[in-house]
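Visitor: My structure is below; once you've seen it, I'll send some questions.
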């Protein structure tokens, strides 16, 4: 005889086409009622168009009847908002007071690290006027969804992504908005996107300490912050403003990352500090947090990002950053 647990196991194989995730992963299952051989599965219709709803009804019936041929299945759809369905364990903000230091790169590598460690991860691209996350992951198609919600786009390795660039007519389209509109867009990405069940949501912040970072810090339940900087004295001075902001808003700083730390020239086996001496010790002290990594200027990494294949990159930082985040958040 089928039990609620065995039915839930059956439904773990049912994938929502537009999201490339299971109904379980999207947290769509609201209830399972068993009355003898009559089984009723209640599913949220959030972000599902009518065609997808009918398709899921058929697949759910098939999945359960594969376990119990004579079972009589009915699927009922109920209303729910994405905010009611989303279960996100931790929100990690990638931050810097300075532009051009590689926050989007670190956001991408951080999500990849967590994904490789078996954690479900997503990226909310909060850099509304300068989004680059979709390009790095090779995603150009728009998200699915309906009037009741938006489905994030899945990367090749299963990282969930949402960015304003996925909603624009072309990736070169400029977003010319004032602060309140930008803040509203970030809030919508948090409240109206069906993220489902995620262990970690990485938020790629724009530079500075103004409207957009403030919206994230005040609206989202940020579990921790990673500060990104490059070695120049000028950059370090500006980035310290972001450190002060995180501290003043009582958001724990998990660590700092030095990007473009050096260029390794293989032919002479030498590291060249193009932007000056490392600021790692100073920045770690200012943030009262560990140095998570020093990422070199790597032509191979730049090539992978341009080709939309960042998930193919591997280095010591990817091995370490996920471990540091898990250690800091899963206490």
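Visitor: Considering only residues of the range 3-25 that are touching a helix residue (DSSP H, G or I) at 6+ places or on another chain (Cβ under 7 Å) and surrounded by 16 or more Cβ atoms within 10 Å (Cβ to Cβ), which is modelled with the lowest pLDDT? Step through it out loud before you land on a result.
Guide: Here is the first cut: in the range 3-25, the ones touching a helix residue (DSSP H, G or I) at 6+ places or on another chain (Cβ under 7 Å) are 6-7, 10-11, 13-14, 16-18, 23-24.
Next, only the ones that are surrounded by 16 or more Cβ atoms within 10 Å (Cβ to Cβ) stay: 7, 10-11, 14, 16, 18, 23-24.
Numbers: 7: 92, 10: 92, 11: 94, 14: 95, 16: 94, 18: 84, 23: 96, 24: 96.
Among them, the one singled out is 18.
Visitor: For the range 157-176, give me each residue that is out of contact with any strand residue (DSSP E or B) (no Cβ under 9 Å at 6 or more places or on another chain) and either modelled with pLDDT of 95 or more or in a strand (DSSP E or B) (or both). Outline the logic, then answer.
Guide: Applying the first criterion (out of contact with any strand residue (DSSP E or B) (no Cβ under 9 Å at 6 or more places or on another chain)) to the range 157-176 yields 157, 168-176.
Result: 157, single match.
Visitor: From 216, 153, grab the single residue that is closer than 15 Å to residue 123 by Cβ, assigned by TED's automatic domain parsing to the domain that holds residue 90, at pLDDT 95 or above and within 15 Å of the chain's Cα centre (by Cα). Quick ask: steps written out before the conclusion?
Guide: Working: 216 fails: at pLDDT 95 or above.
The conditions single out 153.
Visitor: While we're here: Within the range 101-108, is even one residue buried (at least 22 other Cβ atoms within 10 Å of the Cβ), in the same structural domain as residue 153 (by TED's automatic domain parsing), under 26 Å from residue 291 (Cβ atoms) and under 10 Å from the mean Cα position of the chain (by Cα)?
Guide: Checked the range 101-108: at least one residue is buried (at least 22 other Cβ atoms within 10 Å of the Cβ), in the same structural domain as residue 153 (by TED's automatic domain parsing), under 26 Å from residue 291 (Cβ atoms) and under 10 Å from the mean Cα position of the chain (by Cα).
Here's the yes/no breakdown for (1) in contact with a helix residue (DSSP H, G or I) (Cβ under 6 Å, 6 or more places away or on another chain); (2) within 22 Å of residue 7 (Cβ to Cβ); (3) free of Cβ contacts under 8 Å to residues at least 24 places away in the same chain; (4) assigned by TED's automatic domain parsing to the domain that holds residue 185:
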residue: 50; (1), (2), (3), (4): no, no, yes, no
residue: 76; (1), (2), (3), (4): no, yes, no, no
residue: 116; (1), (2), (3), (4): no, no, no, yes
residue: 141; (1), (2), (3), (4): no, no, no, yes
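The values are calculated or read from the model by the stated rules, or taken from the named source; none is laboratory data. None of the values given here were measured: they were computed from a predicted structure. Because the Cβ atoms are built from the backbone with ideal geometry, glycine has one as well, and the counts that use them run over all protein chains shown.
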